[in-house]
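Trainee: Input: one structure, supplied below.
Nothing in this text is a laboratory measurement; each read-out follows from the coordinates by a stated rule. Note that the structure is predicted; figures quoted are calculated from it, not measured. Cβ: placed from backbone, ideal geometry, glycine included. Neighbour counts: every protein chain shown.
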Amino acid sequence: MDRPQPVSPELERDLDNLVSLNARFGSHRLLLKFAGLWLKPGGVYRVLDLATGAGDLPRELVTWARARGIQLKVDAVDFQSSTLAITKSRSATFPEITWTEGNILSFESADPYDLVVCSLALHHFCEADAQALLTRCTALSRRWVLVSDLERSRFASVGIWLLTQFFYREPMTRFDARVSAQRAFSFQEMAAMATAAGWAGFDQGRFLFARQAIWLERK
């Protein structure tokens, strides 16, 4: 999925699978858990979603916010033009979201965001670039940062192998998911990168299934 490629039925199926995996295995629940803690009814917030991929996380967040009278303006950034083309075509009913093609390691904004989110992206980078991404997240946020990913473990590797052997069997999904399990950072590595990136006073936790997250709150 990271490789340059045209819009294709295979890529569309892979994005469908990504949405399904996020919905079934914790990424949506994790995001909305923190949204419930931070975003208050009647509030107005700017949100940045880095490495948006299928765009399901910002859509879930906007749907959740609408039901609570929360106004969001979301910028969703991804480097893959074909992925964004598919994502945008499926998001016509979400005018709150602006889709932008760009490099998340160098993305800039004239104004800071209230909340910066980055989900399931760190493992796509080497440690140095992952650390740089964490630094970029804090530079772009004035209030909250939430970065979540897989946690490297035997449980994650075996679970993802079984899922892609018997259920999510499309070749692109199978390859990407198994590589992701292998390349994910450990719980300790994630904490060390956050510390090296200058995250002062951050929190970290484990979530279902094989998910971990670090988050930062500025009072």
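Trainee: Given the options ARG154, ARG206, ARG136, which has the most mean-square fluctuation in a GNM of the chain, springs set between C-alpha atoms less than 10 angstrom apart?
Mentor: Sorting by GNM fluctuation, first place goes to ARG154.
Trainee: Okay, next question. Along the principal axes of its C-alpha atoms, what lengths does the stretch 89-219 span, in descending order and rounded to whole Å?
Mentor: Per principal axis, max minus min of the Cα coordinates gives 46, 40, 24 Å.
Trainee: Same structure, new question: Arrange MET172, MET190 by Cβ neighbour counts within 10 Å, fewest through most, would you?
Mentor: MET172, MET190
Trainee: So, one more: What does the charge add up to near ALA196, with Lys and Arg as +1, Asp and Glu as -1, over the other residues with Cβ less than 15 Å from its Cβ?
Mentor: Its environment carries a net charge of -2.
Trainee: Same structure, new question: Would you work out the charge dipole size for the chain about its Cα centre, treating the Cβ of every Lys and Arg as +1 and the Cβ of every Asp and Glu as -1, and quote it to the nearest 20 debye?
Mentor: Here the size comes out at about 700 debye.
Trainee: Viscosity 0.692 mPa s, temperature 37 °C: what is the translational diffusion coefficient of the chain from Stokes-Einstein with a Kirkwood Rh over Cα pairs, rounded to a whole number of µm²/s?
Mentor: Answer, rounded: 187 µm²/s.
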